[in-house]
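Shown next, in structure tokens, is the structure this report addresses.
A short reminder: the numbers here are calculations on the coordinates, not readings from a lab. From a predicted model like this one, the values you see are computed outputs, not experimental measurements. FYI the Cβ positions are ideal-geometry reconstructions off the backbone, even for glycines, and counts take in every protein chain you see.
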Amino acid sequence: MRYRLVLVVVATASLVLVAFLVPLAVLVRSAAADRAVNAAVAHAQALAPAIVAADRSSLPTLVDQANADGGYQFTVYLPDGTSLGAPAARSPAVAQAGTGSSLTVDADGGREVLVAVAGRGEGTVVIRTFVSDADLGRGVDRAWVVLGLLGLGLLAVSVLVADQLARAVVRPLGAVVQVSHRLAAGDLAARARPSGPPEVRAVGTGLNLLAERIDALLARERETAADLSHRLRTPLTALRVDVDSVRDPAERERLAADVDALVQTANAVIRGARQPVPARGAQYCDAAQVVAQRVEFWWSLADEEGRPVGVDIEPGPVPVRVSGDTLSACVDALLGNVFTHTPEGTGFGVRLRGQPVGGATLVVADSGPGLPPRLVPARGHSPAGSTGLGLDIVQRAAEESGGRLLLDRSPGGGAMIIVELGPPR
């Protein structure tokens, strides 16, 4: 934008300078020609009184002396047809001047100046001199150079002024753009300092109002999510009471562990919901440790349903650019889908491998019926009738880490979910 403003000013200034300097240059050339012609006329008129007063025999000497003393060469045409002084052809303009009319006419290589002198008894005498093109244009080139330099100087000044004006507009806009980028990166505390022209200040003020509104809406959303998650404590408390009434110690211990896991999950949801957005960025965890813990959690349920489990986890650490809670939610969503959408006894496998450039690849495959054809994960939509949030949670986590989510078919014909996680920054 800055350069475009400068270009507009340069183009406008150039047009103005051309419209001003070209006529001025023409006027300078015309003035120089007029000055040269007027000087020649003045010299010829200065010779006229002497010609009128001199007798016929002294005229040749008088004209020769005038030609020798001055910078102009004069030719004097007498009424009887003779000419004195510098040789020159008798042009039709000489005949016209002989009628008593002084004039100047264009000729080859310059301009012919003719002065009619009356007062001699034999008739009108014509004094002729010639002004060359060099004399007509004397000083014009120098004046044009001065005008050109003046135009370039004015153009340079206009560029400097335009650049300063453009800076005054662009610099505040650049600050607003930086604030918008910080807001897009999650720094909701970023605010613009309105400055510059009124329109730019209005943009900065509007951006600040938008940021405050977004901050307020997110805070309200976080608190609402935390309140909804907190309501789970009531049924969990009732469930814990029911578990305590179970007489089988082994069964009671297993159910109590499940209830504790639910409580921990609810607490994690509350903490995550109330956590400010900026604090969620730039987190990482050891994927090997997190995946191993979640597989161990689901192992007991898989054992109860008779599901064969294959685990191939690369020894840690395997750092990835997601938090431990987020990766746990991803693994729970993938394994939960296996238990939800495949019949009991269906086996599954979990494989985790670090990538050469950093990050990791998590693969969850089962031997169930497989995914629906042309399935595209969409939040809130599931062809199997579930919430439709599981794969969306996994996909968003993978993309925020710099990776991606891939859907494929396992060697056994079931579903295979490939999650690529980016390395920590």
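The residues packed around V290, meaning those with a beta-carbon under 14 Å from its beta-carbon, carry a net charge of -3 if Lys and Arg are +1 and Asp and Glu are -1. Any idea what log10 I(q)/I(0) is at q = 0.09, 0.12 Å⁻¹ for the stretch 64-187, Debye with uniform C-alpha scatterers and no solvent? With one equal scatterer per Cα and no solvent, log10 I(q)/I(0) is -0.51, -0.66.
Using only alpha carbons, the stretch 2-138 has a radius of gyration to Kirkwood radius ratio (Rg to Rh) of 1.27. Note on the stretch 281-421: Rg/Rh from C-alpha atoms, Kirkwood Rh, equals 0.94. Of the residues V26, V170, V269, the one that moves most in a GNM of the chain with alpha-carbon contacts below 10 Å is V26. Taking the stretch 159-187 and a reference point 7 angstrom along Cα→Cβ of V10, the backbone N atoms nearer than 12 Å belong to 159-160, 162-163. Please give the net charge around T104, taking every other residue with its beta carbon less than 15 angstrom from that of T104, where Lys and Arg add +1 and Asp and Glu add -1. Counting the neighbours of T104, the net charge comes to -3. With N counted as the residues of the stretch 142-230, its alpha-carbon radius of gyration over 2.2 N^0.38 Å works out to 1.93. Counted by Cβ distance under 14 Å from V9, the other residues give a net charge of +2, where Lys and Arg count +1 and Asp and Glu count -1.
DSSP assigns beta bridges within the chain; of those with both partners inside it, close to 90 percent run antiparallel. For the chain, the C-alpha radius of gyration sits at 2.29 times the compact-globule guess of 2.2 N^0.38 Å, with N the residue count.
Can you give me the C-alpha center-to-center distance between the stretch 1-28 and the stretch 133-198, rounded to a whole angstrom? With the stretch 1-28 and the stretch 133-198 each reduced to a Cα centre, they are spaced 15 Å.
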